[in-house]
Amino acid sequence: MENGNGSRGDDDVGVTRPRWRFSRPSRGTQLTAAGTRSIRAVLGRLNSSVDPSETRPVVRLANGDPTATACFQTAPEAEDAVVDALRSREHNGYSNSTGEPHARSAIAEYLSRDLPYELSPDDIYLTSGCVQAVEIMISALAQPGANILLPKPGFPLYEARTMFSHLEDRHFDLIPERGWEVDLESVKALADDNTVAIVIINPGNPCGSVYSQDHLAQIAETARELGIMIIADEVYAHLAFGDRPFIPMGVFAKIAPVVTLGSISKRWLVPGWRLGWIAMCDPDGVLKEAKVDQSIQNYTNISTDPATFVQGAVPQIIDNTKQEYFNKILGLLKNSADLLFSKIKDIKGITCPHKPEGSMFVMVKLDFAALDGFSDDVDFCCRLAKEESVLVMPGTALGMKNWGRITFAIDLPSLEDGLERMKSFCARHAKVEA
């Protein structure tokens with residue numbers, strides 16, 4: 001029978017349905033597995049757990065975008081720089097695949113301030129946020145049989161990208177009782193002749209740790225001993241408000257070669273502007289000899305670029321932002337971290353082994369010996385969302401079962417409200433002592 005447009009319908013007798021060939025279950029399975037590991041996927045599940053009839057505002061302590069809070073906004077100088085770049089009409093065309101020269105020069109100079117050597121613009125590759133920098137590095141290193149060492153707990157994007165790129169990931173422990181330092185013995189035990197790199201996240205997401213100079217030097221010496229490069233994820237660079245200053249891993253690049261990943265997203269509080277970078281901290285030319293730079297270049301040739309007007313604004317953003325702005329943000333983070341660490345002590349069933357010193361997060365341990373009726377951390381966080389409209393990231397998403405990650409980059413009244421709701425929730429579900 002004919003349908004309205006004169007063609008024959010699928011329900012006609014004798015019609016052979018075409019065999020579509022674009023379905024690839026194996027690749028689809030990999031994509032599904034990688035996608036479900038993402039922070040966004042977990043946030044979606046938490047948001048869907050919130051009771052729609054709840055009248056109290058949702059307190060979002062699960063994600064790392066502080067810009068929803070009025071007190072965590074970017075510097076006016078950064079906004080002016082973007083406006084000036086747009087109005088100049090000089091940044092409306094396509095970008096070079098590695099980034100615009102003036103932006104690469106500005107970032108090379110910016111990073112060199114904290115290094116014992118100078119980076120050149122050719123050492124910098126601009127990316128669409130630090131997420132793309134991770135994607136590029138994992139893709140550039142992927143080869144049959146290779147493996148990479150990742151921290152546990154860590155940032156799940158790395159696992160998702162390694163899975164999708166067929167690069168084996170192996171997880172070394174971070175030790176909470178030692179300020180989430182790297183367990184270097186576990187690193188040595190995991191590495192073999194096929195290990196290509198180790199990822200170090202400092203300041204730490206999700207732990208709020210800031211590594212000392214001595215520990216960073218030990219990491220570099222271990223990488224040298226194993227013959228592997230260090231991928232230094234420093235997207236939270238300079239967000240250190242405790243006793244330890246931030247020290248870039250690139251300081252130790254003469255011991256072992258370092259590839260630094262960074263962005264303006266966190267320090268300037270503009271994650272939506274999507275401007276990141278890969279920096280080759282390679283004073284002895286080890287990475288160039290191994291043609292790592294060529295692999296990065298080849299990948300950027302077939303991938304997208306950061307928005308050209310944001311690239312155009314970079315020199316002015318870096319040069320014009322006042323230190324007072326950075327000090328203000330550090331003060332806000334320190335006050336929030338202090339409040340969180342103090343309030344957590346009063347919540348039965350939750351402990352915080354290390355006071356946060358940097359980034360915007362802290363890991364807390366869930367004690368199910370003191371809490372009743374929860375199967376695991378995911379169950380705990382989903383029920384917290386449903387009963388109290390408080391979102392906390394389950395540790396399972398970060399490689400630490402029965403832990404949770406809390407962001408403190410939020411205004412103090414909302415943070416205090418969220419912690420009080422958590423306290424009520426845990427008291428309500430506390431095990432009754434016999």
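Picking from R113, R244, R224, which is most flexible by a Gaussian network model of the chain using Cα springs under 10 Å?
Highest fluctuation of the listed residues: R113.
For q values of 0.08, 0.10 Å⁻¹, compute log₁₀ I(q)/I(0) with the Debye formula on a Cα-only model of the chain, without solvent.
One equal scatterer on each Cα of the chain leads to -0.49, -0.74.
Kirkwood hydrodynamic radius of the stretch 354-434 from all distinct Cα pairs, in Å?
Value: 13.2 Å, from the Cα pair sum.
Over the C-alpha atoms of the stretch 229-355, what are the Rg and the largest Cα-to-Cα span, Dmax, in Å?
For the stretch 229-355, the Cα radius of gyration and maximum Cα-Cα distance read 18.5, 55 Å.
Over 24 Å, how big is the tail of the calculated P(r) for the stretch 39-136, in percent of all Cα pairs?
Of the Cα pairs, 50 percent sit more than 24 Å apart.
Counting only heavy atoms of the protein chains, get the accessible area per residue of the chain (1.4 Å probe) and round it to a whole Å² value.
Value returned for the chain: 46 Å² of accessible area per residue.
Kindly identify the stretch 180-252 as rounded, prolate or oblate by the Cα gyration tensor criterion: order the square roots of the eigenvalues as a ≥ b ≥ c, call it rounded if a/c is under 1.5, otherwise compare a/b with b/c, prolate if a/b is larger, else oblate.
Since a/c reaches 1.5 and a/b is larger than b/c, the shape of the stretch 180-252 is classed as prolate.
With the cut-off at 24 Å, report for the stretch 154-275 the share of all Cα pairs above it, as a whole percent.
25 percent
So for each of 77-89, 56-68 I average, over its residues, the number of other beta carbons within 10 Å; can you give me the resulting order with the highest mean first?
56-68, 77-89
For the stretch 316-367, just the Cα atoms, rotate onto the principal axes and tell me the three extents in Å, largest first.
49, 14, 11
Report ³J(HN,Hα) in whole Hz for each residue of the stretch 147-164, in order, from the Karplus equation J = 6.51 cos²θ - 1.76 cosθ + 1.60 where θ = phi - 60°; Gly and Pro get x.
9, 9, 9, 10, x, 10, x, x, 9, x, 4, 4, 5, 4, 6, 5, 4, 6
Ignoring ligands, DNA and RNA, what percent of the accessible area of the stretch 235-293 is carbon or sulfur (1.4 Å)?
The nonpolar share, carbon plus sulfur, comes to 54 percent.
May I have the convex hull volume per residue, in Å³, for the Cα set of the stretch 90-239?
Output value, Cα hull per residue: 132 Å³.
The values are calculated or read from the model by the stated rules, or taken from the named source; none is laboratory data. Just so it is clear, the model here is predicted, and its values are computed rather than measured. Backbone-built Cβ (ideal geometry, glycine too); neighbour counts: all protein chains shown. Accessible surface is based on the protein model in full, side chains and every heavy atom, while ligands, DNA and RNA are left aside. Shrake-Rupley method; radii C 1.70, N 1.55, O 1.52, S 1.80 Å.
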